[in-house]
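The values are calculated or read from the model by the stated rules, or taken from the named source; none is laboratory data. Everything numeric here is computed off the predicted structure, so don't read it as measured data. We place every Cβ from the backbone using ideal geometry, glycine too, and count neighbours over all the protein chains shown.
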Amino acid sequence: MTNGSSGRRFRFGAVAGFGRNGSEWAATAQRIEQLGFSTLLCPDGTGLLAPFQALSAAAAATSILRLGSYVLAAPLRTPGTVAWETASLDVLSGGRFELGLGAGRPDAARDAARLGLPFGAAAARVSRVEQTLAAVRARYAGSDEASGYDALRGGQRPRPPVLLAGTGPRMMRLAASEADILALGLPPQSTDDDLAATSGQLRAIAADAFDRLELNVNIALVGDDIPPQAGSWLGADPGELIRAGSITVLTGSPRQMADTLLRRRDRSGVSYLSVNAMFAGAFAPVVELLTGA
């Protein structure tokens, strides 16, 4: 049985957050655009380029590539700061920005400590996501004190697309009411059965809003050549994940990978796939096969 949202066309994002200099970073963005990806996605972490600045530079180096935060940890910035930065980048990119928000992965607590900020318990961090979304809405509705500046009145309407990340019931409810995209951050060992169960849970929570949501899954490993360091970023043995049918790895020929994603979309409604930019070249033939599908 297929989900209603399985009819949504595929989109593809490449996740990148590092460049040794401005020229290298611009070249990365340009290559991602040339390979046919729809979005450059910047993660949030103090060991990487700051997302808003990096995406602004990428916007200047590209013309049609969309630009997304993947995802901002809500405790690391005040809601008003995110609203201000969002409006600014939305204008400077010509309406290509997509705002990704989350409550913060567990290791984001270290980033908060480095920045001298409180991290907070999970419930407080989800509340911070809600407050941030409210600040963005106010900015674009013209109801905050700063929104009268003409320089920040451009951009998308009623606001940029919003991506939320999470699989808990509260984040699912928030996504159903406030977001356009939900990134399903399942553990590396998760299989297609696990993904289908999570999608079913979302359908039960979101009800009629389910078909409106674009569902995203990040693929951490692409292709049959496994980098030596893959186990460290996957948090598990890559070979074991492949044998178990993990949704975080994608192997085989481009046609086989494309067929896997088609089946996954039919079963769970996932149509927005993101991959580490180091695999952009290996994944590009899949992008070509599925663009428009």
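Here are a few things to note about the model shown:
- Which numbered condition Gly148 fails, given (1) modelled with pLDDT of 95 or more; (2) part of a loop (DSSP other than H, G, I, E, B): (1)
- Residue under evaluation Thr81, criteria (1) among the β-branched types (Val, Ile, Thr); (2) outside any loop (DSSP other than H, G, I, E, B); (3) in contact (Cβ under 8 Å) with a residue 24 or more places away in the chain, criterion not met: (3)
- Any chance Thr291 is within 24 Å of Thr167 (Cβ to Cβ) and in contact (Cβ under 8 Å) with a residue 40 or more places away in the chain: no
- Any hit, segment 191-199, residues being acidic (Asp, Glu), surrounded by fewer than 18 Cβ atoms within 10 Å (Cβ to Cβ), over 27 Å from Arg125 (Cα atoms) and touching a Lys or Arg at 6+ places or on another chain (Cβ under 8 Å): yes
- Counting the residues of segment 151-170 that are modelled with pLDDT under 90, part of a helix (DSSP H, G or I) and of a type outside the set (A, V, I, L, M) gives 0.
- Answer from Leu273, Leu261 - the residue that is in a helix (DSSP H, G or I), buried (at least 20 other Cβ atoms within 10 Å of the Cβ) and either within 18 Å of the chain's Cα centre (by Cα) or of a type in the set (S, T, N, Q) (or both): Leu261
- Residue match in segment 5-21 (condition: among the polar types (S, T, N, Q), touching a helix residue (DSSP H, G or I) at 6+ places or on another chain (Cβ under 6 Å) and in a loop (DSSP other than H, G, I, E, B)): no
- Checking Ser127 against (1) more than 29 Å from Ala282 (Cβ to Cβ); (2) touching a residue at least 12 places away in the same chain (Cβ under 8 Å); (3) surrounded by fewer than 22 Cβ atoms within 10 Å (Cβ to Cβ), the condition it does not meet: (2)
- None of Leu133, Leu101 is at pLDDT 95 or above and outside any helix (DSSP H, G or I) except Leu101.
- Residue within segment 240-262 that is in contact (Cβ under 8 Å) with a residue 12 or more places away in the chain and of a type in the set (D, E, K, R) present: yes
- Segment 44-64, residues that are in a loop (DSSP other than H, G, I, E, B) and surrounded by 22 or more Cβ atoms within 10 Å (Cβ to Cβ): Asp44
- Residues of segment 215-250 satisfying the condition of being under 21 Å from Phe10 (Cβ atoms) and surrounded by fewer than 16 Cβ atoms within 10 Å (Cβ to Cβ): Gly245
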